Amino acid sequence: MANTLLNSIHDPADLRKLSTEQLPQLAQELRSFIIDIVSVKEGHLGASLGVTELTIALHYIFNTPDDLLVWDVGHQAYGHKILTGRKDKFDTNRQLGGISGFPKRSESEYDTFGTGHSSTSISAALGMAIASKLKGEDKNHIAVIGDASIASGMAFEGLNHAGVTDANLLVILNDNAIGIDPSVGALKNYLTQVKEGTNPRDNNMIKSLNFDYSGPIDGHDLPALLKELERLKNNKGPRFLHIITTKGKGLKQAEEDQVKYHAPGKFDRITGEVLAIADENLPPKYQDVFGLTLVELAKQNDKIIGITPAMPSGSSMKFMMEAFPDRAFDVGIAEQHAVTLAAGMATQGMIVYCNIYSTFLQRAYDQLIHDVALQNLPVIFCLDRAGLVGEDGATHHGVFDIAYLNCIPNLIIYAPLNEIDLRTILYTAQLGLDHPIAIRYPRGRGENLHWLQPFKAIEIGKANLLRGGSQVAVLSTGTIGNNVTKALAQIDNASLFSHYDFGFIKPLDEALLHEIFRQHEEIVTIEDGCITGGFGSTIAAFATRNGYTLKIRNLGIPDNFIEHGTVNQLQHYCGIDVKSLKDIFSAY
């Protein structure tokens, strides 16, 4: 289809020049444009296809950017970006130097609030609405939030506050019964009853919070959307519109397999079929090493429990949920609850593997300290997506965990060098630790096809010598150590370098560190986390504390937010890819 209408739209002012009769055609063109680009460039597909009509209607009815629109999470904001001046560079989405995959204030005035983590939109839009009222400005403030995100505690906090204000706030619930995985919980069941008409309308929880509730309406019915949004635009106070949509709308496969097509990778834009990876003989993803190993362990120990906040597929907790449905829990987008639920179970002698992406554990920091570490409960935290995660960018990089965990008493921190080490620590952790442990590992695949080794326990707090050398000691932690190994294999002066793998960041192997400092002339630390407060800072503090005066060079993530690109591109930017390390080592 030729993008006759879409090509004429450079901003929402152009959109408003169209007649309402032209908008369904625009919706078709916008869907086709998103499918064409994402099929080749990859990205989040299903969510944006599901809100195509809503996106058009919002920018058509409201006077954006003067009226302020906030997209929760931002997975669904591709159509928004295309209609707000970024169509011609949408093919750079999530690529190094290109536009972000999420709303970003520095990118456009139409991106009123930066998002990437869920459940922030209501609080943000309410803050904007209260500020506008205090400034005497007559504006609309719209928060678009999904049924998975609205179940999160922060969203309830925002609703609770908004209901006792006269803020000019419109909350739109995009109800498609799925986030990344299908939505879970009692609220999901409630919304299902509302949609099916089996829940009495006078028993409406949103109305009980003092919102003017309307809906549910078909979110793909443009005339109905336009009519209702026009009505709501002219009302004041807290309003709530409940719309029903289909994630992946307009692409048959995306509608039928909404989990896979959330972010399907490359696919055929005509048939919709996901393109197969050419070489199937690949090492497993780290998340699958976790998921498959957990099932093995759970078969041997009926006290083992699995918990994940809304990431059963992304974390591979789905394997345990399938094998032991009574002992594995998806608690929804509720990281705080996940951590304290794990703590409660640990008080009763259960062995709890709580799997949370590194970037999302930030949302449960108080619970980690107050409910777990302070009580010294041996919860096993499995931090997937640690380090640089690539195209999702600054909101998703797991680069702060070493720094924010390292200061917490009682907590063990471990970063495996490879898949075998991950399997080993998962086994060791369930043998009975005296403390909680955080195990951090990256997104993607390792390099070891023969990872399925017999279980063996390791000693907590011990580091390993990988190769000996005469002058410079390279201390790495986690999988970034494989870059060190490759770089050292490519230089002529490799005999100068020792390489040590510090899987345990806490407790440190101080006995070995004393040997290292006595036997070498210089120390280089390497990590795929932030340098400030990270592993290297810990080594420097050890040196100061013990009176060592050797030169210490810290390599890792610099003190700024890293944008989006491939992992290798971003490692190169940070100077920790193989080529950069080779150049650094060769200069000695």
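The values are calculated or read from the model by the stated rules, or taken from the named source; none is laboratory data. The model shown is predicted, which means the values in this text are computed figures rather than measured ones. Backbone-built Cβ (ideal geometry, glycine too); neighbour counts: all protein chains shown. When the accessible area is computed, the model is the full protein with side chains, heavy atoms only, and any ligands, DNA or RNA have been set aside. Shrake-Rupley method; radii C 1.70, N 1.55, O 1.52, S 1.80 Å.
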Only helices counted: for the chain, with every DSSP H run of 4 or more residues adding -39500 (n - 2.57) and the sum spread over all residues, [θ] at 222 nm is -9500 deg cm²/dmol
Counting only DSSP beta bridges with both partners in the chain, the antiparallel fraction in percent, to the nearest 5, comes to 15
Expected unfolding gain across residue 277-residue 131 under the 0.36 nm per residue rule, minus the alpha-carbon gap, is 47.5 nm
Length gained, residue 546-residue 189, 0.36 nm per residue minus C-alpha separation, equals 122.6 nm
Toy charge model, Lys and Arg Cβ at +1, Asp and Glu Cβ at -1: the stretch 267-389 dipole around Cα centroid in debye, rounded to 20, equals 240
Carbon/sulfur accessible area of the stretch 307-359, % of total, 1.4 Å probe, equals 59
If amide H atoms are modeled at 1.01 Å from N in the peptide plane, then the residues at a separation of 5 or more from residue 505, or on another chain, having amide H under 5 Å from its own are 413, 414, 415
In order over the stretch 469-474: 3J(HN,Hα) from phi, Karplus 6.51/-1.76/1.60, θ = phi - 60°, whole Hz, x for each Gly or Pro, gives x, 9, 10, 10, 9, 9
Per residue convex hull volume, Cα only, the stretch 36-89, in Å³ is 83
Per the Kirkwood formula over distinct C-alpha pairs, the hydrodynamic radius of the chain in angstrom is 25.5
Computed for the chain: size of charge dipole around the Cα centre, +1 on C-beta of each Lys and Arg, -1 on C-beta of each Asp and Glu, debye to nearest 20, value 320
Counting only protein heavy atoms and rolling a 1.4 Å probe, one gets per residue an accessible area for the chain in Å² of 39
Share of accessible surface on carbon and sulfur in the stretch 184-303, whole %, 1.4 Å probe and ligands ignored, is 49
Each label sits 7 Å from Cα toward the beta-carbon; between residue 495 and residue 465 the label points are separated, in nm, by 1.7
Judged on accessible area alone, 1.4 Å probe, highest first, 440, 518 line up as 518, 440
Whole-Å distance linking the alpha carbon centroid of the stretch 402-456 with that of the stretch 47-79 is 41
Taking protein heavy atoms only, a 1.4 Å probe, and rounding to whole percent, the accessible area of the stretch 1-119 owed to carbon and sulfur comes out at 47
If every Lys and Arg gets +1 and every Asp and Glu gets -1 at its Cβ, then about the Cα centre the stretch 192-241 yields a dipole, in debye to the nearest 20, of 220
Length-normalised contact order of the chain, Cα under 8 Å, at least 6 apart, in percent, tallies to 11
For residue 41, counting only lysines whose alpha-carbon sits under 27 Å away and dropping same-chain residues fewer than eight positions off, the answer is 81, 87, 89, 104, 247, 249, 252, 260, 266, 285, 579
For the pair residue 559 and residue 486, the simple spin-label estimate (label points 7 Å beyond Cα toward Cβ) gives in nm 3.0
